[in-house]
Amino acid sequence: MASKFLEKLSDITHLHKRAAFSDLPERIAAKESFFQGIARERYSCRAFEDTPLTDMQVNHILEVARLAPSAANKQPTHVWVVKSPEGLEKLKGATDYTYGAPVVFMVGAKADAAWVRKYDGKNGAETDAAIVGTHIMLEASALGLGNVWVGSFDPARIKADFPETEGYEIVCLFPVGYPAAQPGPNHGQRKSVEEFVTVI
C-alpha cells in the first residue's frame, strides 16, 4: 500500500516538474540544439550553382548581420552586397576566390567609429566586423545556402574598384549561393574538448 502511494506521489511530482518546465535541462541535455546542428553541418563551400538568390534570402542575411552585437554598440561596420554581373566581374580583379557565387557580401569596418580598449588602445572595429561576418555565414547556412569566409583579397584593388567602400577597411568577403560542392576532407577534424578547453 505504501509503495503504491509513493509511486503515485512520484508521478505527481514528475507531472509538476514538467508543468513548471523545471526538468527542461534534463529533457534537452541529450539533444543537439538547432544552432549546434547548423554549426556542425556548416562547411566552407568552394563551388556554387549559378541559381540567383531571392531578395528575401538576401534580406534575411542582411537583417541578421544588422542585429550583430558590437563593442559599446558602436556599430562601426558596413556591408556591401555585390550581385550585379559588373560588380562580380570587378571583384574577380581583387580575389580569385568568389567560386562562381551569385552574391558576395563584403564586410567593412571603420576604425575611427569603433570602441577602443582603454588599457592598451586595442581597436574593436575588426572584431565587430568579424561578428557581423559570422552572423552572415551562419544565417546563410540556416537558409540552406553554401558560403565561405574569404580573407584572401587585394584591399587596394577593392578600394580602387569599389569607391563606395571609402573610409572602411574590408575585413572579409562571403560568397553565398546554392552549393555545388561537398565538404572537404578536413571538415570533421576538430580538437578534442580536453585539448580545446581549460576550466580554471
Original post:
Considering only region 154-194, how many residues are in contact with a helix residue (DSSP H, G or I) (Cβ under 8 Å, 6 or more places away or on another chain) and assigned to a loop (DSSP other than H, G, I, E, B)?
Top reply: 3
**OP:** Identify the residue in region 53-65 that is open to solvent by 20 Å² or more (accessible area, probe 1.4 Å) and touching a strand residue (DSSP E or B) at 6+ places or on another chain (Cβ under 8 Å) and, among all such residues, is nearest to Gly144 (Cα to Cα).
**Re:** Leu53
Original post:
Which of the following residues is touching a strand residue (DSSP E or B) at 6+ places or on another chain (Cβ under 6 Å), more than 18 Å from Gly133 (Cα to Cα) and in contact (Cβ under 8 Å) with a residue 24 or more places away in the chain: Gly93, Gly108, Gly100?
Top reply: Gly100
**OP:** Take Asp96 and decide whether it is within 24 Å of Ala160 (Cβ to Cβ), part of a loop (DSSP other than H, G, I, E, B) and open to solvent by 30 Å² or more (accessible area, probe 1.4 Å).
**Re:** yes
**OP:** Report yes if Asp112 is of a type in the set (Asp, Glu), surrounded by fewer than 21 Cβ atoms within 10 Å (Cβ to Cβ), at negative phi and outside any strand (DSSP E or B), otherwise no.
**Re:** yes
**OP:** Return the pairs, sorted by first residue and then second, in which the second residue is open to solvent by less than 30 Å² (accessible area, probe 1.4 Å) and of a type in the set (D, E, K, R), the first residue lies in region 57-84 and is outside any helix (DSSP H, G or I) and modelled with pLDDT of 95 or more, the beta carbons are less than 6 Å apart, and the residues are 6+ apart or on different chains.
**Re:** Ser70/Asp128; Pro76/Asp128; Thr77/Asp128
Original post:
Taking interchain pairs and intrachain pairs at least six residues apart, which have beta carbon atoms under 8 angstrom, with the first residue in region 155-177 and closer than 11 Å to Thr95 by Cβ and the second assigned to a strand (DSSP E or B) and of a type in the set (D, E, K, R)?
Top reply: Pro155/Glu169
Original post:
Among the numbered criteria (1) exposed (fewer than 10 other Cβ atoms within 10 Å of the Cβ); (2) on the phi < 0 side of the Ramachandran plot, which single criterion is violated by Val171?
Top reply: (1)
Subject >> Subset tally (residues that are open to solvent by 30 Å² or more (accessible area, probe 1.4 Å) and closer than 25 Å to Trp80 by Cβ) for region 117-129 >> reply: 3
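The values are calculated or read from the model by the stated rules, or taken from the named source; none is laboratory data. Keep in mind that what you see is a predicted model, and the values were worked out from it rather than measured. Glycine also receives a Cβ, built like all others from the backbone with ideal geometry; neighbour counts cover every protein chain displayed. To get the accessible areas, we keep the full protein, side chains included, count just its heavy atoms, and leave off ligands, DNA and RNA. Shrake-Rupley method; radii C 1.70, N 1.55, O 1.52, S 1.80 Å.
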